[in-house]
Structure formats: structure tokens, C-alpha cells
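The values are calculated or read from the model by the stated rules, or taken from the named source; none is laboratory data. Source: prediction; values computed, not measured. Using ideal geometry, Cβ is built from the backbone for each residue, glycine included, and neighbour counts are taken over all protein chains shown.
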Amino acid sequence: MPGGPACLSCPVTPGPGDRRGAHPEQCERTHVVRNSLDSAALDAAVEDVHRAGMPGLFAEVRDGDQVWRGAAGVADVDTGRPVTVGMRHRVGSITKTFTAAAVLQQVEAGRIGLDTPIGRYLPELVPGERGEAITVRMLINHTSGLAEYFPYAYPSLKAFPALANTGPKSLDDHRFTRFDHVELIEMGVTAPAVGAPGGTPGVYSNTNYLLLTQLLGQVTGTTAERYITRDVIGRAGLRDTGFPAGPDIDGPHSRLYEAWFGMIDPPRDYSVYDMSWVGPSASLISTVTDLNRFYGLLLAGEIVSPSSLAQMQRTVPVVSQEGRTGDYGLGLYPMEAAGEDTFWGHGGTVWGGGALAMTRADGKRQMAVAVNLQRWNRLDSAGKPQPHPIDDALAALHRVAMYG
């Protein structure tokens, strides 16, 4: 690919009173390692993901006061413009942790009951017996049984999760569509249920979180975006995180390339996109540094109370949109390897972009990674995604970032 390499890594020690640190404009490619951060291994791991086929990625790993930041590849495949670690990025469903934290703040204030039926708050959106059976907790941990709305909003994806019978046409058709969130919720509520309220395993559904944002708006007297911006993003002191005002990403950012399982070839840039299709449940723009700061403060009990954090870490089995079953709490889920410490965080994808942020339970080791290509796996004859070298390379990066 054309263009020179990005500055691959710098160990950064934050200055006094600065939990974020600063990335110098120029750096030497030498490292002084005083702890378990293996800068050379991290350098190699991000490069391996790029070599495996990822156009560009960037990451930040923290261990106590020590910080490694790295980037590899390009932000624009046409110009060769390199990715840089400080770029702003659409982080998708990582937004759900912010939304869940906002709801828990309102639980602490006595305005929302975790085990109160959603029909007591929003009877017009979830009426009748279902409204009485589905609690706020069930929405946050995806055990409501409400279906995902997006296959109904995107006609060419109606067959999802039967991927071979889907197509990417709707992605272009709706690039600038301004969706009404109440209409999206109605699509999910009126669709066939995917489970009984409170039943497990739950099924991951954006309908749940759009309902939560409506709930936040009702009990706070403002929009969910404004409340989350003021009381979650503001409380965390995040400098580069916010909801988009339009289809563009403000500030330095990468293009976002969507392949839709090989049906878009070459992958197409969807970095300019109206995010009302997910709204304040999955539309945040952030940086890897801000994500690490947020999750560090959350796990330290500084965004919600320690008792609320304990509620967030109570998990149930939930089936992801990829069909895998894993543990899910209230806007958080755990990751762990055999014999290793548990990390908490969330991942997210949008059209063309993805991110993952994980923080060790003690808050000292953190990882945030952003990538600019999605759905890179082509389908086999049975319509299942085929393994791709990117999968193994990303898994290796996550291992070295979390466990050294």
C-alpha cells in the first residue's frame, strides 16, 4: 500500500494530574520497559493484523502508569494516509456501557427501578402484558425477548442471520436516512419475540437499548444524548468523545471500509453515514485513550457507585448477533483466558468500523483497539463465515495486550 508508516509506538508516562498522558509528535523507536508491557511484542502484533489484511488499526495499552500506543496501516487506501493513535473513531455498541451507566445513575437517584416493568414508564412503546413482563434490567442485559429491529429497517438484510440471503444494497440506500427511533422500536416490539421475558440465554438486540434511551429521556427531562454527555462523558472528563451531530466524523479520523462478507469488493467507505439507525445506543465517537480512561474510572466506582458496578457485573448467558453465547451483564461483559485474570468491557461495530475496550478487574491493565474494516470473512458454501488470517492476528493482539 502507498504511503509511509505511522509512528508505531511510544511508551508514555502521564504527567502530574494527567491520567491520559500525551503522545509526542515525534518519537524514537526505542523503549524503556519498567513493567509487564512488552512494547516489541505489541509493535509486532499490530503490524501482524495489518499484514493479515486489515487496512489500518490503532491501539492503546496501559499497565499502571505505563502506556503503550501503536498504529499500523492506512486510514485511506486511496491516498495512503496513515492511521495515527489519536484518531477519533465510531465505537458502535461500546456506547451501551455509557447508556447502562446512565440508567444506573438514575437508579441510584430513585427515578428508575431496575426490576420495574418498562410498561410502567413507556406503556405506549411496550404495551400490555409484555410491558408488565419486561423489566428495565431485562432490557439492559438483553433478556427481554425483544427482537432486533435492524433487519426490518434494512430490507436487503431481512434474512439476517442467514447471511447468504442478505445483501448490502440497503447500506447505500440508507446512508443519509434519518430514522425515527420510535418507529425502529416498534419494528422490534412487533416482530416475533426471540424469547420469553427474563429467559436465558437472552438474545442481543438494539431494540432494548433504544428503549433505554427513551426511558432516560423521560426520567431526566432531556435527551439521552444530552444526559449521557453531561453526566457520563462529562463526569469521566473525556475530551474527544461525543455523539455525532451529522453524518460526518469531526476531527482526524480514518475511513471505514465495509466488506459485508465479501459482497462488497473492494470494501466501500462508510465513514460518512447518518447514525440515527442506532441512535444513542451505539453511535458514540471516541478515541482509544478516552475509552481506556472511561473504563478505568467505571471499574474504580467513579462513574456509578460500587453497588451499581456490582449489578453491572452480574452476568447471564446471551446469544450475540454472530450466534455465539457468552456472559453479559448490564452493559458490560467479561473476557478471560484459562488461568488468567478477568477483564471487563465491551466491543462495538458499525458499517466499516470496529473497536474493543477491555480493562482488568483491578483497573490496572487496559486495552483499547480500533480497526477500519468490518465483515472481512467471506462465506463458505453453507453460508457460514470462513476463517480469515485477520481473526487469528486480532486474537493474538488481544492476548499480548491483555496478558503480556
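So here's what we get for this one:
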{"read-out": "Of all residues making up segment 214-253, the number that are within 30 Å of P55 (Cβ to Cβ) and assigned to a loop (DSSP other than H, G, I, E, B)", "value": "14"}
{"read-out": "Qualifying positions in segment 215-230 - in contact (Cβ under 8 Å) with a residue 60 or more places away in the chain and buried (at least 19 other Cβ atoms within 10 Å of the Cβ)", "value": "L215, L216, T220, A224, Y227, I228"}
{"read-out": "Residue among P197, P168, P151 that alone is buried (at least 17 other Cβ atoms within 10 Å of the Cβ), more than 21 Å from the chain's Cα centre (by Cα) and under 22 Å from R378 (Cβ atoms)", "value": "P168"}
{"read-out": "Count of residues meeting criterion [buried (at least 18 other Cβ atoms within 10 Å of the Cβ) and either more than 16 Å from the chain's Cα centre (by Cα) or hydroxyl-bearing (S, T, Y) (or both)] in segment 328-362", "value": "5"}
{"read-out": "Meets criteria (in contact with a helix residue (DSSP H, G or I) (Cβ under 6 Å, 6 or more places away or on another chain) and at pLDDT 95 or above) for M87", "value": "no"}
{"read-out": "Residue in segment 181-192 that is exposed (fewer than 13 other Cβ atoms within 10 Å of the Cβ), outside any loop (DSSP other than H, G, I, E, B), out of contact with any Leu (no Cβ under 8 Å at 6 or more places or on another chain) and at negative phi present", "value": "yes"}
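One line per residue, one yes/no per condition, for (1) assigned to a loop (DSSP other than H, G, I, E, B); (2) out of contact with any strand residue (DSSP E or B) (no Cβ under 6 Å at 6 or more places or on another chain); (3) basic (K, R); (4) at pLDDT 95 or above:
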site	(1), (2), (3), (4)
G354	no, no, no, yes
W376	yes, yes, no, yes
D391	no, yes, no, yes
L394	no, yes, no, yes
